[in-house]
Amino acid sequence: METMSPEQFQRVMELIQDVGLVVPAMDAENGRKLFAETGCIVCHSVNGVGGDIGPSLNAADMPSPMNTFEFAARMWRGAAAMTSMQEDLLGGVIDLTGQDLADLIAFAHDIDEQKN
């Protein structure tokens, strides 16, 4: 996929908003912090760091271009197992907002942020 100019990006965002779809801004740096602070790292690894209970979230292995809806669908399919493990390993279910999820997805797809 070729890179869009700022003007093209703005036109796409306006079209998305016109049809009633809102996609939150994605912050990979905040996603990195959430990955560690919320406990995702207990079950998932990034570049060999973290648990091996769930799938690794190496950006280099993620499909490109990023499909945030497919990523969320994979999480949904594993939700029952994830919430059960979160209760066992963390003492409760991780409570993510839509923004948190957007940031975590951005982190999972950002090779540079995963180097930090």
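What follows is calculated from the coordinates using simple rules that are stated; it is not laboratory data. Just so we're clear, the structure is a prediction, and the values are computed from it rather than from any experiment. So basically every Cβ, Gly included, is an ideal-geometry build from the backbone, and we count neighbours across all protein chains shown.
Some notes on this structure:
- Restricting attention to segment 96-116, the residues that are in a helix (DSSP H, G or I), among the aliphatic types (A, V, I, L, M), in contact (Cβ under 8 Å) with a residue 40 or more places away in the chain and surrounded by 13 or more Cβ atoms within 10 Å (Cβ to Cβ) add up to 5.
- Where a residue in segment 16-45 is within 15 Å of D95 (Cα to Cα) and in contact (Cβ under 8 Å) with a residue 40 or more places away in the chain and its partner, wherever it lies, is β-branched (V, I, T) and surrounded by fewer than 18 Cβ atoms within 10 Å (Cβ to Cβ), with Cβ under 6 Å and at least six apart: F35/I41; T38/I94
- Within segment 30-59, the residues that satisfy the criterion of being surrounded by 10 or more Cβ atoms within 10 Å (Cβ to Cβ), of a type in the set (G, A, S) and assigned to a loop (DSSP other than H, G, I, E, B) are G39, G51, G54, S56.
- Pairs with Cβ under 6 Å, 6+ apart, first in segment 81-95 and under 11 Å from G39 (Cα atoms), second in a helix (DSSP H, G or I): L89/V42; V93/T83; V93/Q86; I94/Q86
- There is no residue in segment 22-29 that is in contact with a helix residue (DSSP H, G or I) (Cβ under 7 Å, 6 or more places away or on another chain), surrounded by fewer than 11 Cβ atoms within 10 Å (Cβ to Cβ) and under 28 Å from T3 (Cα atoms).
- Qualifying residue in segment 46-55 (condition: at negative phi and polar (S, T, N, Q)): no
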